[in-house]
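Student: Questions regarding the structure given below will be posed in turn.
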Amino acid sequence: MIIVQFSGGLGNQLGQYGLYLEYEARGFKTYADLSWYRNGQSTDGKVDIRSMELSLLGLSVKECPKLYEYYGKQGGLHRYIRRLCVGHTYMEEGYKFTPALLDVDRGYVMGGSFIGEEYITNCADELRSSISFKGTDAPYIKEMERRISETDSVSIHMRLGDYLNNNSLYGNICTPEYYRRAVEHIRSNVPDATFFLFSNDVKAASELLGIEGVVPVEGNTGDRSYLDMYLMSRCRHNIIANSTFSWWGAWLNNKEGRIVICPTTLLNGYDNGSVYCNDWVRIGS
């Protein structure tokens, strides 16, 4: 038995689901621990409160027995039973690809976003084909998708909101200079590019970006924010933020000849370079 702990927002959930699916593809009986969404979230205001969103993409998991959940009852007997029945606890090392996680055949896997194609070597095609975004027939989404499909569209994702509360971890990576250089790279390769701006604070992002003619994508906030990921994946090219949400929006874009621009790292203080796909263009801040 392998149990994968799910936590964080949709970008993290997709990485955790990818690893969950990889274990299944390798023939292991795999379960999901969702107790973080009931008992484990921080309420200090530094990060947004999250909910489990995989169902919005048509995905589902098998939940583990409550006795094996990490959050909730945390007595010594509870931990002993989980260790006895499930096995050792394994964690991602430094928010980067950890090869040892693919050698696990029994245990509890937690503490990671598991971002990177190396985690899904046996299930990438199944993962792509399994994702089916709900709500894409809404009039605004259909109109934006039409505009995206009729142009040399480029998504620009700028993560603000709760990222501003933890500058030591997220700050000074996707700076205005990063976006300026990314836009220049796109324009030198795609002369007729039309830029579509995605953010959890579109007004502030537009002011920081300072580029004329950008199309703001608005209204996809709260429980509709996942639709930004859908529309980013429909663009021909992508400029992503240091965000797992952004990563998946670009990864789901498998158009031939696409250009994906990413920052050189995901988080300050970590060697995260391996999370990005080999053909993505890395640009520093």
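The values are calculated or read from the model by the stated rules, or taken from the named source; none is laboratory data. These numbers were taken from a predicted model, which means no experiment stands behind them. Every residue, glycine among them, receives a Cβ derived from its backbone with ideal geometry; neighbour counts consider all protein chains shown.
Student: Restricting attention to region 73-88, does a residue exist that is of a type in the set (Val, Ile, Thr), within 21 Å of the chain's Cα centre (by Cα), more than 24 Å from residue 223 (Cβ to Cβ) and surrounded by 15 or more Cβ atoms within 10 Å (Cβ to Cβ)?
Tutor: Among the residues of region 73-88, not one is of a type in the set (Val, Ile, Thr), within 21 Å of the chain's Cα centre (by Cα), more than 24 Å from residue 223 (Cβ to Cβ) and surrounded by 15 or more Cβ atoms within 10 Å (Cβ to Cβ), which makes the answer no.
Student: Just a yes or no: is a residue in region 205-225 farther than 29 Å from residue 55 by Cβ, under 20 Å from the mean Cα position of the chain (by Cα) and in contact (Cβ under 8 Å) with a residue 60 or more places away in the chain? Lay out the reasoning, then the answer.
Tutor: Pass one, region 205-225, residues farther than 29 Å from residue 55 by Cβ: 206-215.
Narrowing the set further to residues that are under 20 Å from the mean Cα position of the chain (by Cα) leaves none.
No, the conditions are met nowhere in region 205-225.
Student: Also: If I filter region 227-267 down to residues being of a type in the set (Lys, Arg) and either crowded, with 24+ Cβ neighbours inside 10 Å or touching a residue at least 24 places away in the same chain (Cβ under 8 Å) (or both), which single residue comes out as nearest to residue 143 (Cα to Cα)?
Tutor: Among those that are of a type in the set (Lys, Arg) and either crowded, with 24+ Cβ neighbours inside 10 Å or touching a residue at least 24 places away in the same chain (Cβ under 8 Å) (or both), it is 234.
Student: Next question. In this structure, is residue 119 within 23 Å of the chain's Cα centre (by Cα), buried (at least 16 other Cβ atoms within 10 Å of the Cβ), modelled with pLDDT under 95 and in a helix (DSSP H, G or I)?
Tutor: In short, no.
Student: In region 67-116, how many residues are in a helix (DSSP H, G or I) and either at pLDDT 90 or above or not basic (Lys, Arg) (or both)?
Tutor: Within region 67-116, residues that are in a helix (DSSP H, G or I) and either at pLDDT 90 or above or not basic (Lys, Arg) (or both) number 15.
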